[in-house]
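Working notes, beginning with the structure itself.
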Amino acid sequence: MSINKACCSIPPVVAKGYQPKGEYKTLGGLKTYVTGPESASKAILVIYDIFGFFPQTLQGADILAHSSNQKYRVFIPDFFEGDPADITWFPPQTDEHKQKLGHFFQTKAAPPNTLPKIPGVVSAANTLAPGGAQFESWSILGYCWGGKIATLATGAENYLFKAAVQCHPAMLDPEDAKKVTVPMAVLASKDEKPEDVEKFGQNLGQPGYVETFTGQIHGWMAARSNLEDEEVRKEYERGYKTALGFLEKYA
């Protein structure tokens, strides 16, 4: 599948001290970052990584909202309710870090705790669509842990989303790909297992796009992105262009 790389005009990426363009609203009982033109007819639900509302992630949401020919209203719900994982735990340097990360994944980040909250957020967000009708279409984009949520949310029970993107996915299980019901892009980093990335792509029964950004670390499009590094900044931008090209084509 070719992706229209000309789809987007991304503003200069801000390396440090980014000022988000959106605002916070309470949707489905959760504090939610909302960005994008109020006239946008389509929406994207962004599932952050385990580190929550980071400047790099909010900047990414603003890029998704404003940079494509197709404008989007973008929503990032705070599923961890103000208590995300500490970024100093990753990658784990000590047994204590390993323990804390493990506990976080088993409790707060356990998919069964998150997935049931999604329909409520989408339903509340639909009240912000132009004219008070619902959005014409919804896509879902997830980073790291959020990639797993995006995959599970587009499984057999999916009735909400038309397309999905995973960025540097965590817990990538090729078996999950067989159940995905919508077109999906997987933008992997050098830190994911290449064989899992390849098998996941092979198992997608829907139109798919899989690319590994071989020079980038797990997290380069979200909280762990060092945007002061020119190469990272370039690939961060290219990642968002690729995601938007895919969504423009399928959602």
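The values are calculated or read from the model by the stated rules, or taken from the named source; none is laboratory data. Everything numeric here is computed off the predicted structure, so don't read it as measured data. A quick note on method: Cβ atoms are made from the backbone with ideal geometry, for glycine too, and the neighbour counts reach across all protein chains shown.
Please work out if Ile87 is within 14 Å of Tyr143 (Cβ to Cβ) and at pLDDT below 95.
When the stated conditions are applied, Ile87 passes them.
Results for (1) surrounded by 20 or more Cβ atoms within 10 Å (Cβ to Cβ); (2) of a type in the set (A, V, I, L, M); (3) closer than 19 Å to Ala61 by Cα, shown as yes or no for each residue.
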{"residue": "Tyr143", "(1), (2), (3)": "yes, no, yes"}
{"residue": "Gly147", "(1), (2), (3)": "yes, no, yes"}
{"residue": "Asn158", "(1), (2), (3)": "no, no, no"}
{"residue": "Ala170", "(1), (2), (3)": "yes, yes, no"}
{"residue": "Pro183", "(1), (2), (3)": "yes, no, no"}
{"residue": "Val186", "(1), (2), (3)": "yes, yes, yes"}
{"residue": "Asp196", "(1), (2), (3)": "no, no, no"}
{"residue": "Asn203", "(1), (2), (3)": "no, no, no"}
{"residue": "Pro207", "(1), (2), (3)": "no, no, no"}
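If you take just the helices (runs of 4 or more DSSP H) that sit entirely in the range 85-192, which of them hold at least 2 residues that are out of contact with any helix residue (DSSP H, G or I) (no Cβ under 7 Å at 6 or more places or on another chain) and among the charged types (D, E, K, R)? Spell out how you get there, then give the answer.
On the way: elements: 95-106, 111-114, 118-126, 145-153, 174-177.
Of the helices (runs of 4 or more DSSP H) lying wholly inside the range 85-192, those with at least 2 residues that are out of contact with any helix residue (DSSP H, G or I) (no Cβ under 7 Å at 6 or more places or on another chain) and among the charged types (D, E, K, R) span 95-106.
Filter the range 212-251 down to the residues that are out of contact with any helix residue (DSSP H, G or I) (no Cβ under 7 Å at 6 or more places or on another chain) and either of a type in the set (Val, Ile, Thr) or part of a strand (DSSP E or B) (or both) and list them by number.
Correct list: Thr214, Ile217, Val232, Thr242.
Scan the range 132-160 for residues that are under 17 Å from Thr242 (Cβ atoms) and among the aliphatic types (A, V, I, L, M) and jot them down.
Those that are under 17 Å from Thr242 (Cβ atoms) and among the aliphatic types (A, V, I, L, M): Ile140, Leu141, Ala150.
When residues of the range 62-102 are filtered for being touching a residue at least 24 places away in the same chain (Cβ under 8 Å) and β-branched (Val, Ile, Thr), how many remain?
The qualifying residues number 4.
Test Val13 against the stated conditions and say whether it is part of a loop (DSSP other than H, G, I, E, B) and touching a Leu at 6+ places or on another chain (Cβ under 8 Å).
On the way: part of a loop (DSSP other than H, G, I, E, B): yes; touching a Leu at 6+ places or on another chain (Cβ under 8 Å): yes.
Yes: the conditions hold for Val13.
With the condition kept exactly as written, say whether any residue in the range 7-14 is of a type in the set (A, V, I, L, M, F, W, C), farther than 19 Å from Ala153 by Cβ, at pLDDT 95 or above and surrounded by fewer than 17 Cβ atoms within 10 Å (Cβ to Cβ).
yes
For the range 16-37, give me each residue that is of a type in the set (Lys, Arg) and part of a strand (DSSP E or B).
Within the range 16-37, the first condition is being of a type in the set (Lys, Arg), and the residues that meet it are 16, 21, 25, 31.
Within the range 16-37, Lys25, Lys31 meet the criteria.
So Leu58 ticks every box in (1) surrounded by 14 or more Cβ atoms within 10 Å (Cβ to Cβ); (2) over 19 Å from the mean Cα position of the chain (by Cα); (3) within 25 Å of Asn226 (Cα to Cα) but one. Which box is left unticked?
(2)
For the range 189-210, how many residues are touching a residue at least 60 places away in the same chain (Cβ under 8 Å) and either polar (S, T, N, Q) or over 23 Å from Glu231 (Cα atoms) (or both)? Walk me through how you get there before you give the answer.
Pass one, the range 189-210, residues touching a residue at least 60 places away in the same chain (Cβ under 8 Å): 207-209.
Of the ones still in play, those that are also either polar (S, T, N, Q) or over 23 Å from Glu231 (Cα atoms) (or both) are 207-208.
Counting residues in the range 189-210 that are touching a residue at least 60 places away in the same chain (Cβ under 8 Å) and either polar (S, T, N, Q) or over 23 Å from Glu231 (Cα atoms) (or both) gives 2.
Can you find a residue that is modelled with pLDDT under 95 and on the phi > 0 side of the Ramachandran plot anywhere in the range 117-139? Break it down stepwise before answering.
Narrowing the range 117-139 to residues modelled with pLDDT under 95: 130-134.
Of the ones still in play, those that are also on the phi > 0 side of the Ramachandran plot are 131-132.
Scanning the range 117-139, I find at least one residue that is modelled with pLDDT under 95 and on the phi > 0 side of the Ramachandran plot, so the answer is yes.
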